[in-house]
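The values are calculated or read from the model by the stated rules, or taken from the named source; none is laboratory data. What you see is a predicted model; the values in this text were computed from it and never measured. Neighbour counts are summed over all protein chains in view; Cβ atoms, including those assigned to glycine, are modelled from backbone coordinates with ideal geometry.
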Amino acid sequence: MSIQYRPITPLIGAEVDLDLRHPITPAQAADLHAAMDRYAVLVFHHPEALTNEQHMAFTLALGPLETTQRNAMRETSGDFRIPDAFNDVSNLDGKGNPYARDDRKRLFAIGNRLWHSDSSFKVIPAKYSLLRAVRIPSKGGNTEFAHMGAAYDALDDETRQLIEPLVCEHSQLYSRDLIGFREFTEEEQRRFAPVRQRLVRTHPGSGRKSIYLSSHAGKILGWPLPEARLLLRDLTEHATQREFVYSHRWAVGDLVMWDNRQTMHRGRPFPAEQARDVRRTTIAGDAPTMAQAQPLAA
Ligand code: OGA
Ligand code: MN
């Protein structure tokens, strides 16, 4: 039986009727990949809740995990609540209590409230992310997604030509700098050394071009820094206009899967004293964006 998709907005997102508690077939996996190419974000409502094992089995049916999953700050503190291969995106410490408002790990983590694409600070950035809600706050805490292919299509020709050959540097140091989080140890600075990404990338599934933006992008090679930051800011403003965005309001049990190669996303604020337990698996990308064809010289 074929899988049914209900588009959420004209440009991005679809809800899917599929019970993820049972293994999916290779044909269903192929169908889901095609739907990801088309909708970029798929939403699975799961009021009967999934286990970590079911979440992981579904992930592995779609591709191999990205390595070095763990939240960079939890790694040094030992605040682990969930299995190793998951990324703990919750606001909870190792004992399951919300971090204090001024906890450094919390303040680093809320950098994901800036628009970004997962792992854009890695040479081979992530393909899909799959985020599941186990506990949600009484208000706030939506996750928003913006379609970078649709945003590219809406650029004028002059801007397309301007950005086509550009290469950015991405680092978690740059995204945290934007929110005034600047105190990093030397070891952290080494760990967060910038990587290069093309500003325009081509989606391998659809052949569609997109603007590869992320708050981790902090430099454009060959450009003066303030001018680079201003262009990135203008592009981000353009790409996150409401028509390109879907805002997901979580229900317990939801699993949302997005394609980092053609979207950006961000978390929205919620009361700091409430628990928000969301857990992520991440499917590895297969090539550096720098390996994509160089545009022909003009
Ligand atoms: C993520 C992320 C935002 C949120 O899981 O990669 O950015 O709303 N999450 O939790
Ligand atoms: Mn993210």
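Could you please give the count of residues in the stretch 263-276 that are more than 17 Å from the chain's Cα centre (by Cα) and within 10 Å of ligand 1 (Cβ to nearest atom)? Working first, answer last.
To start, the set of residues in the stretch 263-276 that are more than 17 Å from the chain's Cα centre (by Cα) comprises 270-276.
Narrowing the set further to residues that are within 10 Å of ligand 1 (Cβ to nearest atom) leaves 270, 276.
Residues that pass the stated criteria total 2.
Among the strands (runs of 3 or more DSSP E) confined wholly to the stretch 143-207, which include 1 or more residues that are surrounded by 15 or more Cβ atoms within 10 Å (Cβ to Cβ), out of contact with any Leu (no Cβ under 8 Å at 6 or more places or on another chain) and of a type in the set (A, V, I, L, M, F, W, C)?
Correct list: 143-147, 195-198.
So in the stretch 6-51, with the set limited to residues that are assigned to a loop (DSSP other than H, G, I, E, B) and β-branched (Val, Ile, Thr), which one is nearest to the chain's Cα centre (by Cα)?
Once the filter is applied, the top-ranked residue is Ile12.
Between a first residue in the stretch 153-181 that is β-branched (Val, Ile, Thr) and a second residue that is in a helix (DSSP H, G or I), which pairs have beta carbons less than 7 Å apart while being 6 or more apart in sequence or on different chains?
Ile179/Gly111
Report yes if some residue within the stretch 102-112 is surrounded by fewer than 19 Cβ atoms within 10 Å (Cβ to Cβ), in a loop (DSSP other than H, G, I, E, B) and free of Cβ contacts under 8 Å to residues at least 60 places away in the same chain; otherwise report no.
Yes, there is a match, as at least one residue in the stretch 102-112 is surrounded by fewer than 19 Cβ atoms within 10 Å (Cβ to Cβ), in a loop (DSSP other than H, G, I, E, B) and free of Cβ contacts under 8 Å to residues at least 60 places away in the same chain.
Table: residues versus (1) buried (at least 18 other Cβ atoms within 10 Å of the Cβ); (2) of a type in the set (Asp, Glu); (3) under 30 Å from Pro10 (Cα atoms).
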position: Tyr39; (1), (2), (3): yes, no, yes
position: Leu50; (1), (2), (3): yes, no, yes
position: Glu75; (1), (2), (3): no, yes, no
position: Gly78; (1), (2), (3): no, no, no
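From the list Ser214, Ser210, which residue is at pLDDT 95 or above, within 17 Å of the chain's Cα centre (by Cα) and away from ligand 2 (no atom under 16 Å from the Cβ)? Walk me through how you get there before you give the answer.
On the way: Ser214 fails: away from ligand 2 (no atom under 16 Å from the Cβ).
Exactly one of Ser214, Ser210 is at pLDDT 95 or above, within 17 Å of the chain's Cα centre (by Cα) and away from ligand 2 (no atom under 16 Å from the Cβ), namely Ser210.
Is it true that Ala275 is in contact with a Lys or Arg (Cβ under 6 Å, 6 or more places away or on another chain) and assigned to a loop (DSSP other than H, G, I, E, B)?
Values: in contact with a Lys or Arg (Cβ under 6 Å, 6 or more places away or on another chain): yes; assigned to a loop (DSSP other than H, G, I, E, B): yes.
Against the criterion (in contact with a Lys or Arg (Cβ under 6 Å, 6 or more places away or on another chain) and assigned to a loop (DSSP other than H, G, I, E, B)), Ala275 qualifies.
From the list Pro125, Pro137, pick out the single residue that is crowded, with 20+ Cβ neighbours inside 10 Å, part of a loop (DSSP other than H, G, I, E, B) and either out of contact with any His (no Cβ under 6 Å at 6 or more places or on another chain) or among the hydroxyl-bearing types (Ser, Thr, Tyr) (or both).
Within the list Pro125, Pro137, the selection yields Pro125.
Hey, could you check the stretch 254-272 for residues that are part of a loop (DSSP other than H, G, I, E, B) and more than 20 Å from Glu48 (Cα to Cα) and say which is nearest to ligand 2 (Cβ to nearest atom)?
Per the criteria, the residue is Asn260.
Given the criterion within 20 Å of Arg135 (Cα to Cα) and either at pLDDT 95 or above or buried (at least 17 other Cβ atoms within 10 Å of the Cβ) (or both), identify the matching residue among Glu273, Glu243.
Result of the check over Glu273, Glu243: Glu273.
Can you find a residue in the stretch 78-91 that is modelled with pLDDT of 95 or more, within 12 Å of ligand 2 (Cβ to nearest atom) and in contact with a Gly (Cβ under 9 Å, 6 or more places away or on another chain)?
Yes, the conditions are met somewhere in the stretch 78-91.
Residues to consider are Gly205, Gly180; find the one that is of a type outside the set (D, E, K, R), over 18 Å from Leu221 (Cβ atoms) and at pLDDT below 95.
Gly205
Of all residues being of a type in the set (A, V, I, L, M, F, W, C) and within 18 Å of Leu60 (Cα to Cα) in the stretch 108-131, which is farthest from ligand 2 (Cβ to nearest atom)? Just the residue, please.
The qualifying residue farthest from ligand 2 (Cβ to nearest atom) is Leu130.
Quick check, is Ala217 among the small types (Gly, Ala, Ser), touching a residue at least 12 places away in the same chain (Cβ under 8 Å) and farther than 21 Å from Ala291 by Cα? Can you show your working first?
Details: among the small types (Gly, Ala, Ser): yes; touching a residue at least 12 places away in the same chain (Cβ under 8 Å): yes; farther than 21 Å from Ala291 by Cα: no.
When the stated conditions are applied, Ala217 does not pass them.
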